[in-house]
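Some notes on the structure that comes next.
The values are calculated or read from the model by the stated rules, or taken from the named source; none is laboratory data. Note that this is a predicted model, so its numbers are computed, not measured. Counting neighbours? That spans all protein chains shown, and the Cβs are built from the backbone with ideal geometry, glycine included.
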Amino acid sequence: MLSSNPGPIGIFDSGYGGLTILHGIRQLLPEYDYLYLGDNARAPYGPRSFDVVYEFTRQAVEKLFAMGCHLVILGCNTASAKALRTIQQNDLPKIDPNRRVLGVIRPTAEVIGSLTQSRHVGIFATEGTIRSESYNLEIQKLYPDIQVAGVACPFWVPLVEYNEADSPGADYFVKKRIDQIMREDPLIDAIILGCTHYPLLMPKILKYLPAGVRVVPQGEYVAESLKQYLQRHPDMEQRCSKGAAVHYLTTENPQKFKEQAQIFLHEPVEVENITLG
Ligand code: DGL
């Protein structure tokens, strides 16, 4: 039986990347409680199949609901691309029609219309997100005049996870993908970082990006979209507890999570281990 008491806002990611989303959300909405869940033991999700990402994400959402969340944000593009719709349409009505799960792709797609003048947009994301074509579909629905080119960046997540984002090796992989996307469409003037890890590569991305091309990280747009969602849904807003507390859950070793989370958060965190599935 799920609790009807107000609870924290759940933020789910395959690993650490969603911490960039949590950071953006806490900047704008510091008063709420948050429960972050990283499925670090099974990350990365990027190369995994649709069915597996869906199953893992559903388990995580059910866990966050069981731990008191009424609202869960999939702070992971791969999970948003491969699991969000099925969870919203098939699972939520059975679990609890009053609980909600939101993703990060729609809020990012919504803002892109005002950030491009050439109407040529690039997406950097994991293989799974690119293959799903979720960004193309969302952007085309909202802005049929925008052309979208997507490039998968399979080595970017490991570069961040292994703390190599500032190393000379990162230069090679970042430049390679920027060159690739600009060759594919030289008219691109805005590139979405469609993976939660990529903002950590920002210095390298800015180093190689041609002048006049804008980078669009997601954290602040997802946060703004959540703020508007809570304003439009006062019933849900009331069910989000306000104590400015943040708790962290990981399916991996909590000590490992703590050390790695420093790359993303720059603050000490308390972490608990949980099992999914
Ligand atoms: N968090 C994932 C995303 O935003 C990237 C990491 C992964 O592949 O699990 O797509």
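Worth a mention:
- Filter pass, residue 242 being surrounded by fewer than 20 Cβ atoms within 10 Å (Cβ to Cβ) and in contact with a Phe, Trp or Tyr (Cβ under 6 Å, 6 or more places away or on another chain): yes
- Residue, nearest to the ligand (Cβ to nearest atom), within segment 124-151, restricted to residues that are outside any helix (DSSP H, G or I) and in contact (Cβ under 8 Å) with a residue 60 or more places away in the chain: 126
- From the options 74, 29, residue that is crowded, with 22+ Cβ neighbours inside 10 Å, modelled with pLDDT of 95 or more and of a type outside the set (D, E, K, R): 74
- Residue check, residue 117 outside any loop (DSSP other than H, G, I, E, B) and either surrounded by fewer than 21 Cβ atoms within 10 Å (Cβ to Cβ) or within 10 Å of the ligand (Cβ to nearest atom) (or both): no
- If you go through segment 7-17 and keep only what is modelled with pLDDT of 95 or more and touching a strand residue (DSSP E or B) at 6+ places or on another chain (Cβ under 6 Å), you end up with 8, 9, 10, 11, 12, 13.
- Against the conditions (1) under 15 Å from the mean Cα position of the chain (by Cα); (2) closer than 24 Å to residue 237 by Cβ, residue 87 satisfies every one except (1).
- Test result for residue 111, away from the ligand (no atom under 15 Å from the Cβ) and in a strand (DSSP E or B): no
- Once segment 259-277 is narrowed to residues that are without any contact (Cβ under 8 Å) to a residue 40 or more places away in the chain and among the hydrophobic types (A, V, I, L, M, F, W, C), the residue that is surrounded by the fewest Cβ atoms within 10 Å (Cβ to Cβ) is 269.
- Members of segment 93-114 found to be buried (at least 18 other Cβ atoms within 10 Å of the Cβ) and either farther than 30 Å from residue 200 by Cα or over 17 Å from the mean Cα position of the chain (by Cα) (or both), listed by number: 99
- Subset of segment 59-91 [hydrophobic (A, V, I, L, M, F, W, C), within 23 Å of residue 218 (Cβ to Cβ) and out of contact with any strand residue (DSSP E or B) (no Cβ under 6 Å at 6 or more places or on another chain)]: 79, 81, 83
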